[in-house]
Amino acid sequence: MQIIDLTAEMSAAVRQAARLLNIAFAEHWPNAWSTFEDALEELHEILEPGHILRAAVANGAVLGWIGGHPDYDGHVWELHPLAVDPARQRQGIGAALVRDFEQQVKARGGLTIYLGSDDEDGMTSLAHTDLYTDTWQKIRDIRNLKGHPYEFYQKMGFSIVGVVPDANGFGKPDICMAKRVG
């Protein structure tokens, strides 16, 4: 496996990445990129100049990919999204992509990476609760109920730095995470 820049000229690989985005989020986030066209549109947005789009490839196949864009004058980068072929998850591909993304951000002078990790279907103890009271206690006591990816990001060195209550509807928060890389 190698990690490469994914470019617009690599149309077959871009289409593979769009399909992968569509299927990787289907189980827990069915409203995210629910069609191939939605996923392809997301890829084209990330292919804009100034963004990062890196793919893990082997034998001509896209195994996973990661995207991001700068914010706060380039000091902070949003990691959005990370997608790995469901059949290839838990094999280190996502971790390799995140480590590579960190190096790409650092090389561009970035200091921090942040991301939002939605909880739309009760995957954590933060869902279906009032996050406007005792917010930090609830974050401190978070429990993973159904394999939510926040624990993956914690293993990669990210910290929960906040939540956006009701971001995806009542009781469906976005978990905000960040990591210093500079």
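The values are calculated or read from the model by the stated rules, or taken from the named source; none is laboratory data. None of the values given here were measured: they were computed from a predicted structure. Cβ coordinates were reconstructed from backbone atoms using ideal geometry, including for glycine residues, and neighbour counts include every protein chain displayed.
Summary table
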item	result
Hits in segment 41-68 - residues which are surrounded by fewer than 18 Cβ atoms within 10 Å (Cβ to Cβ) and either on the phi < 0 side of the Ramachandran plot or small (G, A, S) (or both)	E41, H44, E45, L47, E48, P49, G50, H51, A58, G60, A61
Among (1) aliphatic (A, V, I, L, M); (2) without any contact (Cβ under 8 Å) to a residue 60 or more places away in the chain; (3) surrounded by 14 or more Cβ atoms within 10 Å (Cβ to Cβ), the one test that V84 misses	(2)
Set V76, V98: member being aliphatic (A, V, I, L, M) and touching a Ser or Thr at 6+ places or on another chain (Cβ under 6 Å)	V76
Hits in segment 91-119 - residues which are charged (D, E, K, R) and over 15 Å from the mean Cα position of the chain (by Cα)	K106, R108
Every pair of residues 6+ apart whose Cβ atoms lie under 8 Å, when the first sits in segment 116-130 and is hydrophobic (A, V, I, L, M, F, W, C) while the second is in a strand (DSSP E or B)	M123/N144; L126/V163; L126/I175
Index of the failed condition, D71 passing every other in (1) surrounded by 14 or more Cβ atoms within 10 Å (Cβ to Cβ); (2) at pLDDT 95 or above; (3) more than 19 Å from L6 (Cα to Cα)	(1)
Members of segment 136-163 that are closer than 17 Å to W29 by Cα and of a type in the set (A, V, I, L, M)	L145
Filtered residues of segment 127-175 (kept if of a type in the set (D, E, K, R) and either closer than 28 Å to F101 by Cβ or modelled with pLDDT under 95 (or both))	R140, R143, K146, E151, K155, K172, D174
